[in-house]
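Below: one structure, written as structure tokens.
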Amino acid sequence: MAFNLKKVLKALLYSTSQPLAIKDIQAVFERYHRQGDPAPAAAGAAAAPAADAAEVPAEPADSPDLYDEVPSLVTATQIREAMAEVAQELEAADDGLVLVDGASGYRLATQPRFARWIRVLREEPPPVKLSQSSVETLAVVAYRQPVTRAEIESVRGVSADAGIAKLLERDLITVVGRADLPGRPIQYGTTDHFLEFVGVKSLDELPASDVLSSRQIDDWLKAGNAGHTPNDADMGLDETELPLGEAAPEAPPAPAAAESVPEPESEPASP
């Protein structure tokens with residue numbers, strides 16, 4: 001029987017509460033081959049007294065799908081394909097578990113519809129929702145990071161102290177440095193928890209913003225310095241309209257108005 005990568009990945013996912021990145025999974029296979037064949041250890045455990053064997057069960061000796069022909073290198077593509085199959089199986093089973101492919105890696109989680117039961121088990125209150133002010137502040141940080149408090153306030157037009165404090169408390173933003181400005185103001189950026197909070201793996205997956213981010217502006221400037229000549233599409237014009245740089249035809253000159261001839265003055269009547 002061929003080695004079953006999917007079974008091993010499922011076991012790894014169930015055994016940890018931490019996200020498993022692709023590099024972490026590849027490191028497991030490297031360590032497996034460095035440690036050598038674990039079969040002798042399993043045989044030694046089988047020879048132990050019955051009482052000890054009951055406490056520490058031995059690894060099954062006949063598991064060719066787990067321990068035979070283990071590849072020395074598992075590619076990222078193979079891991080993604082196997083994880084996709086695991087996700088499909090969990091979805092089809094509908095047992096309350098889902099596979100989350102987050103910014104930090106793969107992890108098992110309960111379906112959102114079971115959240116109330118989980119809170120009852122942990123005796124936790126319902127989660128506190130972010131206020132509209134905090135959501136707006138978070139959006140400014142996400143699209144224009146690194147950003148200072150003054151820059152946030154210039155965009156929103158109101159004080160951002162309360163929103164920043166709440167977002168720092170929820171681990172959605174963090175201090176990333178200081179701006180090269182007078183007073184060296186603190187700069188803020190988003191965290192990995194923010195990516196999981198909004199359900200994306202990187203900032204590039206965020207929806208396009210009506211207000212261009214600093215990164216987008218930099219990309220446009222680099223493209224402009226490369227010698228690209230703006231066209232109608234770049235300027236947001238309809239290409240069927242008059243192209244840029246082409247002068248409109250001059251209208252023919254209007255005919256000159258005829259000069260008025262003054263009427264001769266009437267002679268005075270003779271007596």
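The values are calculated or read from the model by the stated rules, or taken from the named source; none is laboratory data. Please read these numbers as outputs of a predicted model, since none were measured by experiment. Don't worry about glycine lacking a Cβ; one is built from the backbone with ideal geometry, like all the others, and counts go over all protein chains shown.
Of the set (1) closer than 30 Å to residue 11 by Cα; (2) surrounded by fewer than 16 Cβ atoms within 10 Å (Cβ to Cβ); (3) under 16 Å from the mean Cα position of the chain (by Cα), all apply to residue 206 but (1). Regarding residue 131, is this residue at pLDDT below 90, under 19 Å from the mean Cα position of the chain (by Cα) and hydroxyl-bearing (Ser, Thr, Tyr)? Here the answer is no, as residue 131 does not meet what is asked.
Taking the condition buried (at least 17 other Cβ atoms within 10 Å of the Cβ), of a type in the set (Ser, Thr, Tyr) and either under 22 Å from the mean Cα position of the chain (by Cα) or modelled with pLDDT of 90 or more (or both), does residue 148 pass? Against the criterion (buried (at least 17 other Cβ atoms within 10 Å of the Cβ), of a type in the set (Ser, Thr, Tyr) and either under 22 Å from the mean Cα position of the chain (by Cα) or modelled with pLDDT of 90 or more (or both)), residue 148 qualifies. Identify, please: which residue in the stretch 144-185 is among the polar types (S, T, N, Q) and part of a strand (DSSP E or B) and is, among those, nearest to residue 204 (Cα to Cα)? So the residue we want is 174.
Which of the residues spanning the stretch 103-128 are over 26 Å from the mean Cα position of the chain (by Cα) and not in a helix (DSSP H, G or I)? 123, 124, 125 - these are the residues of the stretch 103-128 that are over 26 Å from the mean Cα position of the chain (by Cα) and not in a helix (DSSP H, G or I).
Restricting the search to helices (runs of 4 or more DSSP H) fully inside the stretch 1-70 and requiring at least 2 residues that are at pLDDT 60 or above and more than 30 Å from residue 192 (Cβ to Cβ) gives 22-35, 64-67.
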